Amino acid sequence: MSDDRSVILTSATKAEVLEYLAALGFNIPLGYFFSIKKWQESSEKVLAEIKKIFKGVDKIAIRSSSQAEDSISTSMAGAFLSLLNVNTESKDDITGAIEKVIESYYERGEAAPEDQILVQTMVQDVAMSGVVMSKVLDDGSPYYVVNFDDSSGKTDSVTSGSAINKTVYIYNGVKEGDFDSPKLLNVIKLVRSLEQIFNLIPLDIEFAVNSSNILYLLQVRRICSVKNWNKNVADRLSAQIKFVHDHVQLLNTPRYKLFGKNTILGVMPDWNPAEMIGIIPRPLASSLYRFLITKNVWCKARKVMGYHDMPNTDLMVLISGHPYIDVRCSFNSFLPSALPADTAEKLVDAWLTRLNDHPHLHDKVEFEIVNTVLDFSFDKTFNERYPGVLTLDETNCYKDALKKLTIAAIIDSAQNTLKTAYDKFAYLEKLQKLLPNAIEKNAFLIVDRLNIMLEECKKYGTLPFSTAARHGFIAEAILRSAVARGAISAERAQDFKTGVRTITKEMSEDFYKVNVNEMGQGEFLSKYGHLRPSSYDILSPCYKNREALFSGNPLKPHLIPPFTPTSGEIKNFNLLFKEIGFHGIDCASFFNYAANAIKGREYGKFIFSRHLSFILESIAALGEIYDFTRQHMSLLTIDQIISISYASLPNNPRDYLFDIIEKARDEYDLALSFKLSYLIRSGRDVYVVPQQRTEPNFISRKNAEAKIKFLSPEINANIDLSDCIVCIEGADPGYDWIFSRRIAGLVTKFGGANSHMAIRCAEYDLPAAIGCGEQTFERIVRAGGCIIKCQEKILLPYGALNV
């Protein structure tokens, strides 16, 4: 074997590399290896050696160690068989396992007499096992990617994709003081030792930790997707990461006219940018979302409903191109108006502390963190969550303030803000009837109309929609508390919500009518053609521009009868409203209010998104004038586009905009390489980045949109998968044959960033979403198609009714 450590990983087999590292003092399970030739010539001698070497050992692993594995060009990850927990007392078991491993070589057509079989002691009492990549597979960005399982007790759960595992991205330059977990710190120390041995070659490392916290090295190989990497990404990211850290630290300081000593940043609380525009949106999408929602519309809508009058503070911040909700701002906006400053400060700090202690509640803060209404369970939930935070007088003051705004929201009056929202929706719908059938061909006139339409969309669309959405939350909070108090069952509450006739249900019925020739496609598209998955994304075609929209055979929608409360439910609700002092509100008026809130929220989005769609199509038309594609225009902010109408440009418009686009492209590419968590609680979280367990691991930077083919373990391999997105439950190497079928992409329910399928997809540069979790996976399978946008970190069901 060569003494040049930099070539060992390409000149040696898996077994030889481990033998070399064991000699250097690395903790590797006891091992023995032999060639196929030796086995075929003297199997009894091999078995005798195994018995001698592993005397006193209960279980062993029989692993592949082929010369075809772990080359520079391909890892062949999972291509050959390895068998675990083989009984050392059974000669037949050992023989059978060895024969099966050798057979897997022949099945792949890769067998050679010099190929090896590796026998090792099984690590017992496994507390944590996993895989570490010393660089990110997609692009080589400078993070250790630790994909681990600390619950199953298996050593291969990560590589086999047999469970939903945890993933942590750790910046290569992280300091030891930034770690909370001693186990993870020990793993990173192991990786850094191996990096020094192999001259910083990008490494793929398997490890296990037993219950005594002893760390074992199980495998080391080079990462072979290096050919797809941007060579400058590591230097660019490392140069900027400190500024990202410092920005987060500044946001965490006390803020002018905001209650709360610090903040938390989240991608899913409140206005949920992760769902609305994606984890890494393009500049046009994020700037439109800011203009129409998160700059000031969000808090204006709450102010008119009786919540706190906010300072001019953005709800959403961009951290290296990643949109986050400033949770302190969000929590301030949920305070009732005129609440004493001391009380407000105590509440916001308590809410932030609860979220910090229970980060899994990040996507349900309105129900599990903040009391935004006075509901039937207020006393119980507030006292359980925040004992001793407020004095009795402060609690009563807070409760009375919530009572006032909640009654104002529900009570039927001319000043009711939900009624006002409906009036504004109706006015915007009238304006939309005046929209031209064709967009102007003059750049100035397009931008001039954009200016007007943006203000209309905000004033009569997103502002009242924000109000209607808050009413929807109020109705849902009261309904949940009614279930908690036993006034109605959870099933009956769901029956009520399902029975509300919304615009979405109308669309479902109309879509079915088109497919049975009871409605023309043109009529359907004239009403619904503006809708698109990812409402703010110019790259997402609207329905009228989407091919094969009406292909398929949809089921006839079920007609759900209107909900009627029982006499017992009426009595229960009326008693609860009396208990909390809601005079003038009863069961009937509440359900009428709740139905209008649910309908209003969906109707409002339906109406304002028509304006938004026209805005996006106008921007696309503007791009055509300057010979720009939608991709180009997606990299401009709405302010940069609008500036054409009010500022003379330093040179011709195309050159001026092209320079901006190219700079934005560089910044966007860098944003794609930054790894940030779903919650950021301090600057330290910029360096150690745990991923939400149900967030998919996106592979490549490509997009895919296609019908899906769900493959069960029993399915034959003769199915036509060309141009389909394949959905499988586990990131199992047994599905490796799919890569020969010209598939469009891959989605798995389980598996992590370092599973076999993730590695293979990275090698093929195939768009994939690995480990999306059960809920998302099932939605995609039911929809029959999906959209994968790896750059934006978006995975959506695709069907005519998935908006």
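Of the set (1) open to solvent by 40 Å² or more (accessible area, probe 1.4 Å); (2) within 25 Å of residue 293 (Cβ to Cβ); (3) modelled with pLDDT of 90 or more; (4) not small (Gly, Ala, Ser), all apply to residue 541 but (3). Quick check: is even one residue across the stretch 127-143 open to solvent by 20 Å² or more (accessible area, probe 1.4 Å), modelled with pLDDT of 80 or more and in a loop (DSSP other than H, G, I, E, B)? Yes, the conditions are met somewhere in the stretch 127-143. Restricting attention to the stretch 660-698, which residues are assigned to a strand (DSSP E or B), within 16 Å of the chain's Cα centre (by Cα) and at pLDDT 90 or above? Of everything in the stretch 660-698, those that are assigned to a strand (DSSP E or B), within 16 Å of the chain's Cα centre (by Cα) and at pLDDT 90 or above turn out to be 679, 680, 689.
Taking every residue in the stretch 36-54 that is within 14 Å of residue 119 (Cβ to Cβ) and pairing it with any residue that is surrounded by fewer than 17 Cβ atoms within 10 Å (Cβ to Cβ) and among the hydroxyl-bearing types (Ser, Thr, Tyr), at least 6 positions away or on another chain, yields no pair with a Cβ-Cβ distance below 6 Å.
Please determine, by comparing only the residues of the stretch 729-752 that are touching a Ser or Thr at 6+ places or on another chain (Cβ under 6 Å) and at pLDDT below 60, which one is surrounded by the fewest Cβ atoms within 10 Å (Cβ to Cβ). Filtering first and then ranking leaves 752. Whether a residue is modelled with pLDDT of 90 or more, open to solvent by 30 Å² or more (accessible area, probe 1.4 Å), within 26 Å of residue 52 (Cβ to Cβ) and out of contact with any strand residue (DSSP E or B) (no Cβ under 8 Å at 6 or more places or on another chain) was assessed, and residue 91 passes this test. Can you run down the residue pairs with Cβ atoms below 8 Å, 6 or more apart or on separate chains, where the first is in the stretch 130-143 and more than 12 Å from residue 238 (Cα to Cα) and polar (S, T, N, Q) and the partner is assigned to a loop (DSSP other than H, G, I, E, B) and modelled with pLDDT of 90 or more? Sorted first by the residue in the stretch 130-143, then by its partner, the pairs are 134/172; 134/202. Of everything listed in (1) open to solvent by less than 50 Å² (accessible area, probe 1.4 Å); (2) in contact (Cβ under 8 Å) with a residue 40 or more places away in the chain, the single unmet condition for residue 451 is (1). Yes or no: the stretch 551-560 includes at least one residue that is buried (at least 16 other Cβ atoms within 10 Å of the Cβ) and assigned to a helix (DSSP H, G or I). No, the stretch 551-560 has no match at all.
Assess whether residue 405 counts as being touching a strand residue (DSSP E or B) at 6+ places or on another chain (Cβ under 7 Å), over 30 Å from residue 644 (Cα atoms) and among the aliphatic types (A, V, I, L, M). It would help to see each step written out before you state the result.
Numbers: touching a strand residue (DSSP E or B) at 6+ places or on another chain (Cβ under 7 Å): yes; over 30 Å from residue 644 (Cα atoms): yes; among the aliphatic types (A, V, I, L, M): yes.
Against the criterion (touching a strand residue (DSSP E or B) at 6+ places or on another chain (Cβ under 7 Å), over 30 Å from residue 644 (Cα atoms) and among the aliphatic types (A, V, I, L, M)), residue 405 qualifies.
The set of residues from the stretch 661-670 being of a type outside the set (Phe, Trp, Tyr) and buried (at least 17 other Cβ atoms within 10 Å of the Cβ) comprises 661, 664, 669, 670.
If the requirement is being β-branched (Val, Ile, Thr) and either more than 27 Å from residue 681 (Cα to Cα) or without any contact (Cβ under 8 Å) to a residue 40 or more places away in the chain (or both), which of these qualifies: 370, 317?
Numbers: 317 fails: either more than 27 Å from residue 681 (Cα to Cα) or without any contact (Cβ under 8 Å) to a residue 40 or more places away in the chain (or both).
After ruling out the rest, the residue left standing is 370.
For the stretch 382-417, the set of residues classified as assigned to a helix (DSSP H, G or I) and without any contact (Cβ under 8 Å) to a residue 24 or more places away in the chain consists of 382, 383, 384, 392, 393, 395, 396, 400, listed by residue number. Of all positions in the stretch 177-193, at least one carries a residue that is in contact with a Lys or Arg (Cβ under 7 Å, 6 or more places away or on another chain), at pLDDT below 90 and open to solvent by 20 Å² or more (accessible area, probe 1.4 Å).
For every residue, the table says whether it meets (1) more than 30 Å from residue 196 (Cβ to Cβ); (2) of a type in the set (A, V, I, L, M); (3) in contact with a strand residue (DSSP E or B) (Cβ under 6 Å, 6 or more places away or on another chain); (4) surrounded by 17 or more Cβ atoms within 10 Å (Cβ to Cβ).
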residue: 25; (1), (2), (3), (4): no, no, no, no
residue: 32; (1), (2), (3), (4): no, no, yes, yes
residue: 59; (1), (2), (3), (4): yes, no, yes, no
residue: 65; (1), (2), (3), (4): no, no, yes, yes
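Of all residues in the stretch 101-150, those satisfying the criterion of being among the hydrophobic types (A, V, I, L, M, F, W, C) and more than 25 Å from residue 174 (Cβ to Cβ) are 101, 102, 111, 112, 117, 118, 119, 122, 123, 126. Within the stretch 621-648, the set of residues being in a helix (DSSP H, G or I), in contact (Cβ under 8 Å) with a residue 40 or more places away in the chain and open to solvent by less than 10 Å² (accessible area, probe 1.4 Å) comprises 622, 633, 638, 641. Here residue 487 fulfils each of the conditions (1) more than 29 Å from residue 564 (Cβ to Cβ); (2) more than 35 Å from the chain's Cα centre (by Cα); (3) surrounded by 19 or more Cβ atoms within 10 Å (Cβ to Cβ) apart from (1).
Number of residues in the stretch 341-366 that are farther than 16 Å from residue 266 by Cα, of a type outside the set (D, E, K, R) and surrounded by fewer than 17 Cβ atoms within 10 Å (Cβ to Cβ): the value is 1.
When the stretch 504-538 is filtered for residues that are closer than 20 Å to residue 432 by Cα, buried (at least 19 other Cβ atoms within 10 Å of the Cβ) and of a type outside the set (D, E, K, R), the ones remaining, listed by number, are 507, 524, 525, 528, 530, 531, 535, 536, 538. In the set 701, 779, 760, which member is of a type in the set (Lys, Arg), assigned to a helix (DSSP H, G or I) and either at pLDDT 85 or above or within 15 Å of residue 136 (Cα to Cα) (or both)? None of the others qualify; the one that does is 760. In this structure, residue 278 does not qualify as among the small types (Gly, Ala, Ser) and over 26 Å from residue 456 (Cβ atoms).
The residue list 498, 467 contains one member that is assigned to a helix (DSSP H, G or I) and crowded, with 17+ Cβ neighbours inside 10 Å, which is 467.
The values are calculated or read from the model by the stated rules, or taken from the named source; none is laboratory data. All figures in this text were calculated on a predicted structure; none of them were measured in a lab. Note that each Cβ is placed from the backbone with ideal geometry, even for glycine, and that neighbours are counted across all protein chains shown. Side chains included, ligands, DNA and RNA excluded: accessible areas come from the protein's heavy atoms. Shrake-Rupley method; radii C 1.70, N 1.55, O 1.52, S 1.80 Å.
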